[in-house]
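Below is one structure; the comments refer to it alone.
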Amino acid sequence: MYTLENIKLKNTLLGLSLATVALLTSGCNNNDVKMANTTNVKAEQRAVDGGMIYPTVDGKYTLYSVNTQEKKGFTYGRTPTKTEIAAWNIDVMPDGTGAPMYDTKHGKVVLEDGEPKKAEGSVAWGNELYDAQCVMCHGDFGAGGKGGYPALSGGDIKSLTNQLQNPADDIPTEVPPMKRIGSYWPYASTLFWYIQDSMPFPHPKSLTNSETYALTAYLLYENGVKINGEDLDEDFVMDREKLMAVKMPNEKGFYPVVDTPENPKQGVQNVKNFLSDLSNVGTGTRCMTDCIKGEVPVLRIKNEMNNFHPAPSTQRSLPPVEEESGAVHPGFAGYEASCSACHSNEAIGAPVVGNKEAWANVIEKGIDSVYHNGINGINAMPPKGGNMDLSDDQVKIIIDYMIEASK
């Protein structure tokens, strides 16, 4: 049995490092930091997080040394080409900057019949893509899946003011804040950007611009988001122009204001000003010296029953772990890249690699059947694990690895 007890520290500091003791006993002035050369320098600037910025003096920033060596003559590779920059410069801003008008591949515009291929996708197509690429983690209709992956739809903007309270309270908060796309996200551009940059989980950056528009349209549809005051239907086609017309319900629900396109620096300054005002983030009083008067309360865990069973061992005599040797299975890399996200997480429901019983049940159907399911998909698993760039033979090699690793 364990209880949380409150003990008092009077003349000693227990369990603290010497550095911590030094900080607690020496103290610091609110607005000055003692420099290495014993000069007190007043901070007049603040970092983005509201913290103070101090000048570098005698090669040191406060008490930390900095590299003051001459940097001329060093090279840092070469200047990237415009195509290389375009391939990676895929961030999308709320004002439409970065939202693609055409499909691209490796930084170049894709041509169709000699003309640039317009990037666009319908809600219906997004539904198909979602079922093939996303449903195994995020659940049907974005309602949430197994393994702790977040729900994407179904939120309530009114719930954002709810606060989680102690479950032991007489009337604890029953409904936590529901931070979904439709109830929480301020800009639809972030949705497009996040999907294109980070999804699907096993092989991000594999979606075309058109596919990303389609998935964005579908998720907005499931969240009941309107465009120009009208509901989306399955035939609605999303493109750059329509993405910019989306006004999310919680667009004005964030502070400080950081979206200042006419003066981007003002957004940064708004954050500095907000976090520099201690009443926004704390008690409103800055204290680094003699903050607590009298006895210091300390919370610790006490084992009242001394009922560890077996008793904790103090031995440190385990033999050293020997490194495995031998050739790496040819299917291992493919498994790590395309299959491990599901087949290493028991909560998702796929047979976990290493689980002998689970894989014994799988191979009872015969290896040809296992190959067929891996190539063509089964239940929530998409064909080839969602990585359609894999050949049938590559999928078979990956399956061979998973079976051998589970014997």
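Taking amide H as placed 1.01 Å from N in the peptide plane, T62 has its amide H under 5 Å from the amide H of V57, each at least 5 places away in sequence or on another chain.
Less than 5 angstrom separates the built amide H of M248 from those of A188, all sequence-distant by 5 or more or on a different chain. Taking the alpha carbon gyration tensor of segment 86-244, multiplying each eigenvalue by 5 and rooting it gives semi-axes of 32, 16, 15 Å, largest first. Couplings 3J(HN,Hα) of segment 228-233, computed from phi: 6, x, 10, 5, 7, 10 Hz, in residue order, whole Hz [Karplus 6.51 cos²θ - 1.76 cosθ + 1.60, θ = phi - 60°; x for Gly and Pro]. Pairs with C-alpha atoms separated by more than 25 Å, drawn from the list K226/K265; K117/K242; K365/K396; K117/K265, are K226/K265; K117/K265.
What's the center-to-center distance, using Cα atoms, between segment 178-245 and segment 252-271 in Å? Computed from Cα coordinates, the inter-centre distance equals 23 Å.
Provide the three semi-axes, in whole Å and in decreasing order, of the ellipsoid equivalent to segment 332-404 as defined by the square roots of 5 times the Cα gyration tensor eigenvalues.
Numbers: eigenvalues 53, 40, 28 Å².
Equivalent ellipsoid semi-axes, largest first: 16, 14, 12 Å.
Between N263 and N379, the contour length at 0.36 nm per residue exceeds the alpha carbon distance by 36.7 nm. In terms of other Cβ atoms within 10 Å, R180, R78 run from fewest to most in the order R78, R180.
Could you work out how much longer the chain between K146 and A337 gets when fully extended? Use 0.36 nm per residue separation minus the Cα distance between them, nm to one decimal. Let's see the in-between values first.
Numbers: separation 191, 0.36 × 191 = 68.76 nm, distance 2.04 nm.
Between K146 and A337, full extension yields an extra 66.7 nm.
Under the 0.36 nm per residue contour assumption, what length would be gained going from the current alpha-carbon distance of K356 and S391 to full extension?
Numbers: separation 35, 0.36 × 35 = 12.60 nm, distance 2.67 nm.
Result for the pair: 9.9 nm of gain on full extension.
A short reminder: the numbers here are calculations on the coordinates, not readings from a lab. Being a predicted model, the structure only gives us computed values, none of them experimental. Cβ sites come from the backbone with ideal geometry, for glycine too, and all protein chains shown count toward neighbours.
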